[in-house]
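A short write-up of the structure that comes next.
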Amino acid sequence: MAKLGRTVDEIQLVKRVVRALSSRTGTQLRLGIGDDAAILKPRAGVEWVVSCDGFYEKVHFNLDSHPPESVGYKSLARATSDLAAMGAKPRFFLLTLALPAACTGVWLDRLLRGMTRAADAFGLILAGGDTANHSTVAISITVIGEVAPGHAVTRAGARPGDRICVSGTLGRAELGLGLVLRGLAKGWQWQRLLQPHLFPQPRIALARWLARRGLASSMIDLSDGLSTDLAHICEASGVGACVNAGRIPAVSVPPALRHRRFDPLTLALHGGEDYELLFTVPPKREHELRASSKGLRLTCIGEITKVRVVILEDSSGRKRRLEPRGWDHFRNH
Ligand SMILES: [Mg+2]
């Protein structure tokens with residue numbers, strides 16, 4: 001990618017980013033920002049888990065409807081949730097920030113405020129990055145985490161009979177997005193409902209707890225929506241699933257919003273960006289979930305099956321195929 005020359009302005013901009021995110025070197029970050037590349041020194045006896053994520057204006061957010069603090073926070077939260085999904089402890093991140101000149105003033109300060117809040121909350125240290133002038137805002141983040149050898153949880157370990165579990169409540173982020181898209185984001189009465197969309201919380205502590213105990217046979221973070229992410233687990237594990245609709249912890253929609261076609265079950269099944277965890281647990285170990293001290297609601301919503309199809313069973317026992325109708329970049333556009 002062609003990049004603008006390193007102008008005085010760019011140097012100032014990099015300084016502001018570094019100051020805000022207080023990149024600090026330590027035993028593992030031997031050399032941080034300021035050279036051509038960073039030098040990381042892994043601790044003995046850990047494996048590194050690495051992932052990258054792009055967060056783009058007009059694809060994932062809009063300048064007129066999303067506060068810059070949310071854009072900064074969420075760009076890091078999304079990437080970190082993928083580390084959580086593997087059971088890893090977040091350590092470092094690399095940031096590529098492409099911005100139009102109009103966004104290099106107060107907007108950038110506010111973005112960095114949100115990103116700093118996320119970095120502190122998730123335990124991430126900025127190890128390096130790059131900036132460029134671009135017509136729209138594009139944020140690319142690489143995250144690096146660590147896990148004890150062999151403890152990372154993949155999507156591929158689900159076995160027939162395993163219980164299918166989720167953390168938290170599903171559909172909250174999609175409800176928040178719906179409010180933004182319907183122009184209701186300014187209403188003071190809906191501010192609480194917007195938070196899961198603007199400032200989602202990756203479930204790092206819970207995921208590490210599951211991974212350390214070897215409780216989860218497979219795991220994924222709910223970024224695209226339950227119907228799509230469960231299909232990912234089934235595909236990777238070579239299994240099917242039966243989900244009980246009545247057991248899904250769906251978001252509750254306030255009565256005042258019901259006429260706006262927010263259906264709790266649809267939001268919970270197909271709504272993206274909750275960043276809760278979807279994982280499977282062998283039936284013999286299901287009781288151990290109660291010992292989770294993370295204060296988070298954990299719900300078993302169904303069971304892994306041998307036949308490679310995902311079924312949704314309603315409260316009266318009727319069964320239908322659950323099609324993956326969550327987020328897909330190349331279908332939703
Ligand atoms: Mg993911």
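The values are calculated or read from the model by the stated rules, or taken from the named source; none is laboratory data. In this text, all values refer to a predicted model and were calculated from it rather than measured experimentally. Reconstructed Cβ throughout: ideal geometry from the backbone, glycine too, with neighbour counts over all protein chains shown. Accessible surface is based on the protein model in full, side chains and every heavy atom, while ligands, DNA and RNA are left aside. Shrake-Rupley method; radii C 1.70, N 1.55, O 1.52, S 1.80 Å.
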### ³J(HN,Hα) computed for each position of the range 252-264 - Karplus, 6.51 cos²θ - 1.76 cosθ + 1.60, integer Hz, glycine/proline x
9, 9, x, x, 5, 9, 4, 6, 8, 6, 8, 9, x
### Query
Dipole magnitude of the chain about its Cα centre, charges +1 at Lys/Arg Cβ and -1 at Asp/Glu Cβ only, in debye to the nearest 20?
760
### Query
Under 5 Å between amide H atoms, partner at least 5 residues away or on a different chain: which partners does GLY87 have, H built in plane at 1.01 Å?
VAL153
### Query
For the range 196-256, what mean projected area does the convex hull of the alpha carbons give, in nm²?
6.0
### Task
Set the Förster radius R0 to 22 Å, insert the Cβ-Cβ distance between ALA132 and LEU31 as r into 1/(1 + (r/R0)^6), and round the FRET efficiency to 0.05.
0.45
### Query
the range 1-148: percent of C-alpha pairs farther apart than 26 Å?
22
#### Entry: Hits among aspartates and glutamates - C-alpha to C-alpha of LYS319 under 15 Å, sequence gap 8 or more where chains match
GLU303
### Using distinct alpha-carbon pairs, which all enter the 1/r mean, Kirkwood radius of the range 73-218 in Å
17.2
### Task
With runs of 4+ DSSP H residues as the only contributors, calculate the mean residue ellipticity of the chain at 222 nm using -39,500 (n - 2.57) per run, divided by the residue total and rounded to the nearest 500.
-9000 deg cm²/dmol
### Summary
Filtering trypsin sites (Lys or Arg not before Pro) in the range 162-241 by DSSP loop and by at most 14 other Cβ atoms within 10 Å leaves ARG182, LYS186
### Message
Using only the Cα atoms of the range 182-333, what are the Rg and Dmax in Å?
### Response
16.4, 48
### Message
Placing unit charges on C-beta atoms (Lys and Arg positive, Asp and Glu negative, everything else neutral), compute the dipole magnitude of the range 194-333 about its Cα centre in debye, rounded to 20.
### Response
340
### Task
Using the charge dipole of the chain (Lys, Arg: +1 at Cβ; Asp, Glu: -1 at Cβ; taken about the Cα centre), state which of LEU111, VAL239, GLY54 has its Cα farthest towards the positive end.
VAL239
### Message
Using amide H atoms built in the peptide plane, which far-off residues or other-chain residues are under 5 Å from LEU29 H to H?
### Response
LYS41
## Note on the structure
Between LYS41 and ALA148, the FRET efficiency computed from the C-beta separation at R0 = 22 Å comes out, to the nearest 0.05, as 0.80
## Note on the structure
With a Förster distance of 22 angstrom and the Cβ-Cβ distance between VAL59 and LEU265, calculated FRET efficiency to the nearest 0.05 equals 0.25
## Note on the structure
With the dipole of the range 179-232 defined by +1 on each Lys or Arg Cβ and -1 on each Asp or Glu Cβ, the option from GLN189, ILE204, SER218 whose Cα lies farthest towards the positive pole is GLN189
### Task
Compute the signed sum of charges (Lys and Arg +1, Asp and Glu -1) over the other residues within less than 14 Å, Cβ to Cβ, of ARG321.
+2
### Message
Computing the accessible area with a 1.4 Å probe over protein heavy atoms, can you report the carbon and sulfur percentage for the chain?
### Response
51
### Extension reserve of the ALA101-HIS287 stretch, reckoned as 0.36 nm per residue once the Cα distance is removed
61.5 nm
### Query
Out of every Cα-Cα pair in the chain, what percent are more than 33 Å apart?
30
## Note on the structure
Checked against a 24 Å limit on the C-alpha separation, the offending pairs among LYS15/LYS89; LYS284/LYS306; LYS15/LYS186 are LYS15/LYS89; LYS15/LYS186
### Message
Charges at C-beta only: +1 for Lys and Arg, -1 for Asp and Glu. How large is the resulting dipole of the range 1-91 about its Cα centre, in Debye rounded to 20?
### Response
400
### Task
Provide, in order from the shortest bin, the percent of all Cα-Cα pairs of the range 78-132 in each 10 Å bin, continuing until the bin that contains the maximum pair distance.
21, 49, 25, 5
